[in-house]
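Below you'll find the structure, written out as structure tokens, and then a few comments.
Quick note: the coordinates plus some simple rules give every number you see, no bench work behind them. These numbers were taken from a predicted model, which means no experiment stands behind them. Please note: Cβ atoms are built from the backbone with ideal geometry, for glycine as well, and neighbour counts cover all protein chains shown.
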Amino acid sequence: MIVLGIETTCDETAASVVALQRDGRGHILSNEILSQIEEHAPYGGVVPEIAARAHVTALDGLISRAMARAQVSFKDLDGIAAAAGPGLIGGVIVGLTTGKTLALVTDKPFLAVNHLEAHALSPRLTDGVDFPYLLLLASGGHSQLLAVRGVDDYVRLGTTIDDAIGEAFDKTAKMLGLPYPGGPSVEREAERGNPERFALPRPMLGRAGADFSLSGLKTAVRIEAERIAPLTNTDIADLCAGFQAAVTDVVVDRTRAALRLFRTSIGTPNALVVAGGVAANMTLRRALQRLASESGLNLVAPPLALCTDNGAMIAWAGIERLRLGLVDPLDTPPKPRWPLMAKLSDLPDTATPETAA
Ligand code: KG4
Ligand code: ZN
């Protein structure tokens, strides 16, 4: 089974061809990606209109390259998958319409993939992880703790109630005058900073449930920065180190709480998985590694290129859906908002987060 995957929901244009092997593992035949970071950098964030136009310009060339690198032709494909959301509507329309058109003219099954589902299933492509597992999805737009029980079977154990984790990194960087995207800049500064100089809050630590909140932390960084302005390089490094340490403490505490909820309401997880762009952060990874070890679990983190947005995860989610017969009609609409899963409290016969914690 061979599927083409198309990703255009944010600021990466991507196309990839993935094959399902006999042993049930995925094999990435090609994985083409074009980042628009430089086009958005002057604005300090993604500009939806610029993103949509850049997808239009780049996508057909990327698909041709992905097909050529994979050495397959359209008639070799078993399906065509495109991310149908959630994301920026202009970009989603570009990828979705392209995918549908290719499916129509080649008469192949079409798969409208939820971008979050693609992140959620990516560790099965990279590491062959079996269901169920606990997923920490930490990107610029999404921060969720999900029980992944099967394809189309996700339970949200926790989520941010304000900023996404990557968004908090991006906003903190912007506030401190560091370049976009903020995550890598903050991590770089933090390397030479003192994480203990500023007493920053750890919102929601130890609370019932597994939700988290980051906007108060971001505000605390701003207040400290204003208090000691003008900032020296050392000040910036110390603020970044303090912020990163606080985010890590919050995320690890909330992930630990989600593991407890998992065990009381879902069963025994096969792994702790971290995905999304923030999974690139080494301080966070090391802390999650410690949490996984103390919980007797493997920490699975897809390689960086497959943690951040990419086409291979869309193709793989397409394969997972296609082999279950979950094909989509060609009038599937773009879905800028598209929540993935039931909340824990929506499940029949399970405890609510409050009572389970
Ligand atoms: O998954 P992704 O590529 O795109 C989506 O948001 O879907 O994630 C991008 C986010 C950005 O907010 C970026 O600042 C953050 O991931 N990020 C990081 C690091 N590298 C990327 N955050 C913290 N530390 C990093 N090293
Ligand atoms: Zn993403």
Report, ordered by the first and then the second residue, all pairs with beta carbons closer than 8 Å, sequence separation of six or more or different chains, a first member in region 303-317 that is over 16 Å from GLY140 (Cβ atoms) and in contact (Cβ under 8 Å) with a residue 60 or more places away in the chain, and a second member that is in a helix (DSSP H, G or I) and near ligand 1 (Cβ under 8 Å from one of its atoms). ILE314/HIS115
Among the numbered conditions (1) buried (at least 23 other Cβ atoms within 10 Å of the Cβ); (2) within 16 Å of ligand 2 (Cβ to nearest atom); (3) of a type in the set (Gly, Ala, Ser), tell me where ALA241 comes up short. (2)
Members of region 74-92 that are of a type in the set (A, V, I, L, M, F, W, C) and either more than 21 Å from the chain's Cα centre (by Cα) or surrounded by 19 or more Cβ atoms within 10 Å (Cβ to Cβ) (or both): PHE74, LEU77, ILE80, ALA81, ALA82, ALA83, ALA84, LEU88, VAL92
Could you grab me the full set of residues in region 101-129 that are under 19 Å from the mean Cα position of the chain (by Cα) and charged (D, E, K, R)? GLU117, ARG124, ASP127
Going residue by residue through region 35-44, is there one that turns out to be in a strand (DSSP E or B) and closer than 14 Å to VAL72 by Cα? no
If you go through region 304-334, how many residues are away from ligand 2 (no atom under 15 Å from the Cβ) and either among the polar types (S, T, N, Q) or within 13 Å of the chain's Cα centre (by Cα) (or both)? 1
Within region 170-222, which residues are surrounded by 15 or more Cβ atoms within 10 Å (Cβ to Cβ), outside any helix (DSSP H, G or I) and of a type in the set (S, T, N, Q)? SER213
Tell me which residues, restricted to region 283-302, are more than 17 Å from LEU137 (Cβ to Cβ) and touching a helix residue (DSSP H, G or I) at 6+ places or on another chain (Cβ under 7 Å). THR283, SER295, ASN298
